[in-house]
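Chemist: Take this structure first; my questions come after.
The values are calculated or read from the model by the stated rules, or taken from the named source; none is laboratory data. Nothing here was measured: the structure is a model prediction, and the numbers come from that model. All Cβ positions, glycine included, derive from the backbone under ideal geometry; neighbour counts span all protein chains shown.
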Amino acid sequence: MKRSFLTVILTGLLVGLLGGCAANDGAQAKSDTIRIGLAAPISGTQAQYGQAFKNGAELAAAQINEAGGIGGKQVEIVVQDDKGDSNEAVNVANKFVSDKSILAVVGHFNSSATLATAPVYNKNKIVEISPSSSAPGVTDAGEYTFRVITTDAFQADYLAGWSKELGYSKVALIYEQSDFGLGLLDVYQKSAPANNIEVVAAEAYNPGDKDFSTILTKIKDKQPEAIFIGGFYNEAALISQQAKKLNLSVDFIGVDSLYSEALLELGGESVEGFKLIGFFYPGGDNEEATKFAADYEAAYGSQPDTYAAYSYVATSVVIEAIKEKGADRESIKTYLETLKDYKGATGVLSFDENGDVETIPSKLTVQGGKFELYK
Amino acid sequence: MLIVLPLVLQQVNDYWMHIVIMIGIFSILSMSLNVIIGYAGQFALGHAAFYGIGAYSAALLMIHFQVSFWIALPAAAVIAGFFGFLLGTPVIRLRGDYLGIVTLGFGEIVRLIFVNWVDVTRGPMGLPGIPAPTVFGYTFSGKMEFYYLILALALLTFFVIHRIVHSGVGLSLLTIREDETLAQSVGIRPNKYKLLAFTVGGFFAGIAGAFWASYISFVSPDAFRYLDSVNILAMVILGGSASLPGSVLGAVILVLAPELLRYMSDYRMMLLGLAIVLMMIFKPTGFWGEKHRKYNFYGMVRKGEGK
């Protein structure tokens, strides 16, 4: 009795599987659509970002489809889950490249997944354009690998230039003990002398630390004019609060990683006056960003985050390429290589010979509990 | 059949070739874990660590010392086996849940070392550019070559582990699994055999790791997480512990099912979980569980005598 029940269940599952396959293959046979792959962590610990990716890309496709598609053909986003795991990402990459109807791939989320899949995409000559992999080595992986986010190094260098404009001559660094934090520290220290800035202190913390009073007391003696927090918003909020308690009155500066609503929620009053750089700033002078935010809210009923914006931009660039050069894997690559001054929601983009994006971030500051453009 | 399979698959596409290669890798991993769990009865939860150690050793040897793949592969296996031995030495006194926790911790420590020892492993950025194997100046480039290589490695693993567990050593391992005190009373030293199981398990996981590194040409810590250990464990349990064909079957199912279920996107992992739970309720010995031996040293086992 038990056994027959089991057989029924297993057979049911198996039939379901095969049936699904058949249905799937049927859908792929349609040739009147333009298919773009999207590889994102739909399940797993990074699922929130995967969802943002998916929303952003699908919005870009929906907009072009409403306008009549590309040459009468509808654009379809084919979503595959890479779980944020490089093992799984390679499976996804192989699936994409072996499907001839996929013209380009938007993804992956993690730098490690992008690096792991780069050989597969490059060997099969298909463009992968990552919305979010910011590790320095990513675009060295091959000529078919692009990204619409700048490297961590670029941001630190840009911040050094801005520090000079703000008139700082003594800056202290508090950085996260990770490749991200170390990378920021390294570049900022190198760029500082050229901008007449003296780095008076560099103190590390571990992700998840709660008490920064020792670090701050040490820094207080050095009397810096500003503190650069090379880490994420949780710690930045705590650092600014504890600095207030120690009567340490300095400016705080940071990069894109601090640019989150969570910084305002966690930090409250103490993060007033924070100066940081960000790429996706709706409501400012970037009309594309404002328009994207409004469209996104109309479609999904929530505010887009940075990753949704990056994914939207990456997908739009690919759509633009197909519009200009036709539905062909190779011509998408040639288009991207020569792309100059594309106006997107995350700023004006151009790609350098490496496939890295060149763009100018927005200078932001916290005023009255909101991010405002710095003037 | 396995030899002509790629010719058929290649007609379909590279994706299926890749999936078959992944099945090969996970077959080796589940067979090697089966030695520890199925035969020696040691509930170890950190198998991805050995896989990772194998992958990183091979990658570092090939990148920094320009060692050929054919030397890096056994070297990585030996290193992973050595770590199996090292892990085995202190934890051998622990049993059951406690052993599970310690091995789990070991897996995490290894992963954290991969993440934080930036000078050597490049941390979360991973190690790109691992060369492919070459034979007499011919470099592996297609999936076909890798398929035959993993087929050979999987068959080798199957053969060696099969010989080990069907020898006197295997019988001793089974005795220890069933009753450690009894084993000691008849002169089997449990520590020696448990250490052997850990070493053999680590060794073959190292082979799988080295192959993976060379096949993908990139390693990063996120391929060797706790979840991957659990996945390998699930293959062993689903296929049937103490059964090598079972391990292979488990690998086939657990690599293939998530891929076939891709069309369900959000629900696939849930469905897979459900299938495993149902499986455990209705057939706890796995799909291809251990057949109790019909013969012992003295001939046929009478009914009721075999467990």
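Chemist: Got a sec? Which of B:Ala257, B:Ala251 is within 8 Å of chain A (Cβ to nearest Cβ) and within 14 Å of B:Phe26 (Cα to Cα)?
Modeler: Selected residue: B:Ala257, the only one of B:Ala257, B:Ala251 that is within 8 Å of chain A (Cβ to nearest Cβ) and within 14 Å of B:Phe26 (Cα to Cα).
Chemist: Residues that are part of a helix (DSSP H, G or I), surrounded by fewer than 19 Cβ atoms within 10 Å (Cβ to Cβ) and not basic (Lys, Arg): does region A:333-345 have at least one? Show your work before the answer.
Modeler: Restricting attention to region A:333-345, the residues satisfying the condition of being part of a helix (DSSP H, G or I) are A:333-337.
The next check asks that each one be surrounded by fewer than 19 Cβ atoms within 10 Å (Cβ to Cβ); those that pass are A:334, A:337.
Then keep just the ones that are not basic (Lys, Arg); that gives A:334, A:337.
Checked region A:333-345: at least one residue is part of a helix (DSSP H, G or I), surrounded by fewer than 19 Cβ atoms within 10 Å (Cβ to Cβ) and not basic (Lys, Arg).
Chemist: Another question, if that's okay. With the structure loaded, tell me whether B:Arg122 is without any contact (Cβ under 8 Å) to a residue 24 or more places away in the chain, surrounded by 14 or more Cβ atoms within 10 Å (Cβ to Cβ), within 14 Å of another protein chain (Cβ to nearest Cβ) and of a type in the set (Lys, Arg) or whether it fails that test.
Modeler: Considered against the rule, which asks whether it is without any contact (Cβ under 8 Å) to a residue 24 or more places away in the chain, surrounded by 14 or more Cβ atoms within 10 Å (Cβ to Cβ), within 14 Å of another protein chain (Cβ to nearest Cβ) and of a type in the set (Lys, Arg), B:Arg122 comes out as yes.
Chemist: Pull out all pairs, ordered by first then second residue, where Cβ-Cβ is under 7 Å, the residues are six or more apart or on different chains, the first lies in region A:177-190 and is in the same structural domain as A:Asp157 (by TED's automatic domain parsing), and the second is of a type in the set (D, E, K, R) and assigned to a helix (DSSP H, G or I).
Modeler: Here the result reads A:Phe180/A:Asp152; A:Gly183/A:Asp152; A:Leu184/A:Asp152; A:Val187/A:Asp157, each pair linking region A:177-190 to a residue that is of a type in the set (D, E, K, R) and assigned to a helix (DSSP H, G or I).
Chemist: Return the total of residues in region A:355-375 being touching a Ser or Thr at 6+ places or on another chain (Cβ under 8 Å), assigned to a loop (DSSP other than H, G, I, E, B) and surrounded by fewer than 17 Cβ atoms within 10 Å (Cβ to Cβ).
Modeler: Matching residues across region A:355-375 total 1.
Chemist: Quick one: would you say A:Gly230 is surrounded by fewer than 23 Cβ atoms within 10 Å (Cβ to Cβ) and not basic (Lys, Arg)?
Modeler: Taking the combined requirement at face value, the residue does not satisfy it.
Chemist: Right, something else. In region A:279-308, which residues are part of a helix (DSSP H, G or I), crowded, with 19+ Cβ neighbours inside 10 Å and out of contact with any Asp or Glu (no Cβ under 9 Å at 6 or more places or on another chain)?
Modeler: Of everything in region A:279-308, those that are part of a helix (DSSP H, G or I), crowded, with 19+ Cβ neighbours inside 10 Å and out of contact with any Asp or Glu (no Cβ under 9 Å at 6 or more places or on another chain) turn out to be A:Glu288, A:Ala289, A:Phe292, A:Ala293, A:Tyr296, A:Tyr307, A:Ala308.
Chemist: Enumerate the helices (runs of 4 or more DSSP H) found wholly within region B:1-115, keeping only those where 2 or more residues are modelled with pLDDT under 85.
Modeler: Counting at least 2 such residues, we get B:5-12, B:14-34, B:69-91.
Chemist: Against the condition in a helix (DSSP H, G or I), within 17 Å of the chain's Cα centre (by Cα) and either surrounded by 17 or more Cβ atoms within 10 Å (Cβ to Cβ) or within 14 Å of chain B (Cβ to nearest Cβ) (or both), how does A:Ala156 come out, does it pass?
Modeler: Numbers: in a helix (DSSP H, G or I): yes; within 17 Å of the chain's Cα centre (by Cα): yes; either surrounded by 17 or more Cβ atoms within 10 Å (Cβ to Cβ) or within 14 Å of chain B (Cβ to nearest Cβ) (or both): yes.
Taking the combined requirement at face value, the residue satisfies it.
Chemist: Go through region A:315-340 and report how many residues are out of contact with any Lys or Arg (no Cβ under 8 Å at 6 or more places or on another chain) and within 24 Å of A:Thr150 (Cα to Cα).
Modeler: 13
Chemist: Return the total of residues in region A:43-65 being in contact with a strand residue (DSSP E or B) (Cβ under 6 Å, 6 or more places away or on another chain) and not in a loop (DSSP other than H, G, I, E, B).
Modeler: 8
Chemist: Take the conditions in a strand (DSSP E or B), more than 8 Å from chain B (Cβ to nearest Cβ) and surrounded by 22 or more Cβ atoms within 10 Å (Cβ to Cβ) and apply them to A:Glu128. Does it pass? Reasoning before the result, please.
Modeler: Working: in a strand (DSSP E or B): yes; more than 8 Å from chain B (Cβ to nearest Cβ): yes; surrounded by 22 or more Cβ atoms within 10 Å (Cβ to Cβ): yes.
The answer is yes for A:Glu128.
Chemist: Additional query: Taking region B:203-227 as the search range and keeping residues that are farther than 20 Å from B:Thr139 by Cα and assigned to a loop (DSSP other than H, G, I, E, B), which one is farthest from the other protein chains (Cβ to nearest Cβ)? Break it down into steps so the answer makes sense when it comes.
Modeler: Pass one, region B:203-227, residues farther than 20 Å from B:Thr139 by Cα: B:203-206, B:220-227.
Still in the list and also assigned to a loop (DSSP other than H, G, I, E, B): B:220, B:224-225.
Values: B:Ser220: 4, B:Phe224: 9, B:Arg225: 7 Å.
So the residue we want is B:Phe224.
Chemist: Another question about this same structure. Report, by residue number, each residue of region B:18-50 that is of a type in the set (Phe, Trp, Tyr) and more than 20 Å from B:Pro221 (Cα to Cα).
Modeler: B:Tyr39, B:Phe43 - these are the residues of region B:18-50 that are of a type in the set (Phe, Trp, Tyr) and more than 20 Å from B:Pro221 (Cα to Cα).
Chemist: Looking only at region A:40-60, how many residues end up being surrounded by fewer than 24 Cβ atoms within 10 Å (Cβ to Cβ), in contact (Cβ under 8 Å) with a residue 24 or more places away in the chain and small (Gly, Ala, Ser)?
Modeler: Final tally of qualifying residues: 2.
Chemist: Which of the residues belonging to region A:83-103 are crowded, with 20+ Cβ neighbours inside 10 Å and closer than 15 Å to B:His18 by Cα?
Modeler: Residues of region A:83-103 that are crowded, with 20+ Cβ neighbours inside 10 Å, as a first pass: A:83-97, A:102-103.
Of everything in region A:83-103, those that are crowded, with 20+ Cβ neighbours inside 10 Å and closer than 15 Å to B:His18 by Cα turn out to be A:Ser86, A:Asn87, A:Glu88, A:Ala89, A:Val90, A:Asn91, A:Val92, A:Ala93, A:Asn94, A:Lys95, A:Phe96, A:Val97.
Chemist: Please tell me if A:Asp251 is in the same structural domain as A:Asp221 (by TED's automatic domain parsing), of a type in the set (Asp, Glu) and surrounded by fewer than 21 Cβ atoms within 10 Å (Cβ to Cβ).
Modeler: yes
Chemist: Can you tell me which of B:Thr199, B:Thr175 is over 19 Å from the mean Cα position of the chain (by Cα) and more than 29 Å from A:Ser43 (Cβ to Cβ)? I'd like the intermediate steps shown before the answer.
Modeler: Numbers: B:Thr199 fails: over 19 Å from the mean Cα position of the chain (by Cα).
After ruling out the rest, the residue left standing is B:Thr175.
Chemist: Mind checking which residues of region B:176-202 are surrounded by fewer than 18 Cβ atoms within 10 Å (Cβ to Cβ) and in a helix (DSSP H, G or I)?
Modeler: B:Glu178, B:Glu180, B:Thr181, B:Leu182, B:Gln184, B:Ser185, B:Asn191, B:Lys192
Chemist: Every residue in region A:133-153 that is of a type in the set (A, V, I, L, M, F, W, C) and within 14 Å of another protein chain (Cβ to nearest Cβ), please. Let's see the steps before the verdict.
Modeler: Taking region A:133-153 as the starting set, the residues that turn out to be of a type in the set (A, V, I, L, M, F, W, C) are A:135, A:138, A:141, A:146, A:148-149, A:153.
If the condition is that a residue be of a type in the set (A, V, I, L, M, F, W, C) and within 14 Å of another protein chain (Cβ to nearest Cβ), then A:Ala135, A:Val138, A:Ala141, A:Ala153 are the ones that fit.
Chemist: Another question about this same structure. Out of curiosity, is B:Ala210 at pLDDT 85 or above and in contact with a Leu (Cβ under 9 Å, 6 or more places away or on another chain)?
Modeler: For B:Ala210, the condition - at pLDDT 85 or above and in contact with a Leu (Cβ under 9 Å, 6 or more places away or on another chain) - is met.
Chemist: Something else: Here are some conditions: (1) out of contact with any Lys or Arg (no Cβ under 7 Å at 6 or more places or on another chain); (2) surrounded by fewer than 20 Cβ atoms within 10 Å (Cβ to Cβ); (3) more than 11 Å from chain B (Cβ to nearest Cβ). A:Leu182 meets all but one. Which one does it not meet?
Modeler: Checking A:Leu182 against (1) out of contact with any Lys or Arg (no Cβ under 7 Å at 6 or more places or on another chain); (2) surrounded by fewer than 20 Cβ atoms within 10 Å (Cβ to Cβ); (3) more than 11 Å from chain B (Cβ to nearest Cβ), the one that fails is (3).
Chemist: Quick check on B:Ser185: is it among the hydroxyl-bearing types (Ser, Thr, Tyr) and farther than 28 Å from A:Asn122 by Cα?
Modeler: yes
Chemist: Here's a follow-up. Has region A:66-74 got any residue that is part of a strand (DSSP E or B), more than 14 Å from every other protein chain (Cβ to nearest Cβ), of a type in the set (Val, Ile, Thr) and surrounded by fewer than 24 Cβ atoms within 10 Å (Cβ to Cβ)? Break it down into steps so the answer makes sense when it comes.
Modeler: Residues of region A:66-74 that are part of a strand (DSSP E or B), as a first pass: A:70, A:73-74.
Within this subset, residues satisfying the condition of being more than 14 Å from every other protein chain (Cβ to nearest Cβ) are A:70, A:73-74.
From what's left, of a type in the set (Val, Ile, Thr): A:70.
Checking the rest, the ones that are also surrounded by fewer than 24 Cβ atoms within 10 Å (Cβ to Cβ) come to A:70.
For region A:66-74, residues part of a strand (DSSP E or B), more than 14 Å from every other protein chain (Cβ to nearest Cβ), of a type in the set (Val, Ile, Thr) and surrounded by fewer than 24 Cβ atoms within 10 Å (Cβ to Cβ): present.
Chemist: Take the conditions within 14 Å of chain A (Cβ to nearest Cβ) and within 14 Å of B:Ala49 (Cβ to Cβ) and apply them to B:Thr139. Does it pass?
Modeler: Here the answer is no, as B:Thr139 does not meet what is asked.
Chemist: Right, next: If I ask for residues that are touching a residue at least 12 places away in the same chain (Cβ under 8 Å), farther than 18 Å from A:Glu128 by Cα and of a type in the set (Lys, Arg), which ones from region A:302-352 would you list?
Modeler: Of everything in region A:302-352, just one residue is touching a residue at least 12 places away in the same chain (Cβ under 8 Å), farther than 18 Å from A:Glu128 by Cα and of a type in the set (Lys, Arg), namely A:Lys343.
Here's the yes/no breakdown for (1) of a type outside the set (A, V, I, L, M, F, W, C); (2) touching a strand residue (DSSP E or B) at 6+ places or on another chain (Cβ under 8 Å):
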site	(1), (2)
B:Phe106	no, no
B:Ile109	no, no
B:Leu112	no, no
B:Pro124	yes, no
B:Pro128	yes, yes
B:Thr139	yes, no
B:Phe146	no, no
B:Leu151	no, no
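Chemist: Related question: Does B:Ala242 satisfy being at pLDDT 85 or above and within 30 Å of B:Ser172 (Cβ to Cβ)?
Modeler: Criteria not met by B:Ala242.
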